[in-house]
Amino acid sequence: MRNLTLVRPPAAFWVIGAIALFWNAMGGLNFFMQINVETLARMPENQRLIAEARPLWATTAFGVGVLGGTVGCALLLLRTSSAIYLFLLSLAGVVLATVQSLGPIKSSVDLGPFGIVLTVLMPVVVAATMVGYSIRAQNKGWTP
């Protein structure tokens, strides 16, 4: 049986949670911009090509990734252990969306090194980090 006594989390818990919430909320905003036809038409060509080439399953995975991460961060900041499950769902969505996006990125879209890091590497790293961090928070007693 687990000890259900909550321990006061350090200040870094709140800072990390807030930064991750901001990151995921920006991803959610990006998602909603990409599914809006009018907004998509005003995007730079390289970003528009990626969004237009993405099949429905990958768009859904993208939405699950960013929305799951956003809700997961909110639950983490509310010190709820169910944040772990949302972060796992988010990681699965991010990985699926990233795997699909590698095709258009390699073939016809030049994002440059910075764009590739932001588009491919960072979302996976952040999602995986939040899974680990939420598990650590639970192990430390910061969440039940």
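The values are calculated or read from the model by the stated rules, or taken from the named source; none is laboratory data. These numbers come from a predicted model, not from an experiment. Please note: Cβ atoms are built from the backbone with ideal geometry, for glycine as well, and neighbour counts cover all protein chains shown.
Need at least 1 residues that are closer than 22 Å to G93 by Cα and at pLDDT 95 or above per element, so show me which helices (runs of 4 or more DSSP H) inside segment 1-70 make the cut, counting only ones lying wholly within it. Can you show your working first?
Numbers: elements: 11-35, 37-41, 45-53.
Of the helices (runs of 4 or more DSSP H) lying wholly inside segment 1-70, those with at least 1 residues that are closer than 22 Å to G93 by Cα and at pLDDT 95 or above span 11-35.
Looking at (1) exposed (fewer than 15 other Cβ atoms within 10 Å of the Cβ); (2) over 28 Å from Q100 (Cα atoms); (3) touching a Phe, Trp or Tyr at 6+ places or on another chain (Cβ under 9 Å), find the lone condition where T39 falls short.
If we test T39 against (1) exposed (fewer than 15 other Cβ atoms within 10 Å of the Cβ); (2) over 28 Å from Q100 (Cα atoms); (3) touching a Phe, Trp or Tyr at 6+ places or on another chain (Cβ under 9 Å), just (2) comes out false.
How many of the residues making up segment 94-119 are modelled with pLDDT under 80 and under 28 Å from F13 (Cβ atoms)? So that I can check it myself, show each step before the final result.
Going through segment 94-119, the residues modelled with pLDDT under 80 turn out to be 101-119.
Okay, now just the ones that are also under 28 Å from F13 (Cβ atoms), so 117-118.
Matching residues across segment 94-119 total 2.
Return a yes/no flag: does segment 18-39 have any residue that is more than 18 Å from the chain's Cα centre (by Cα) and among the aliphatic types (A, V, I, L, M). Full working, then the answer.
Restricting attention to segment 18-39, the residues satisfying the condition of being more than 18 Å from the chain's Cα centre (by Cα) are 36-39.
Keeping just the survivors that are among the aliphatic types (A, V, I, L, M) gives 37.
Yes, some residue in segment 18-39 is more than 18 Å from the chain's Cα centre (by Cα) and among the aliphatic types (A, V, I, L, M).
Going through S82, S90 one at a time, which residue ends up being of a type outside the set (K, R), crowded, with 16+ Cβ neighbours inside 10 Å and under 14 Å from V131 (Cα atoms)?
Testing whether each residue is of a type outside the set (K, R), crowded, with 16+ Cβ neighbours inside 10 Å and under 14 Å from V131 (Cα atoms) leaves just S90.
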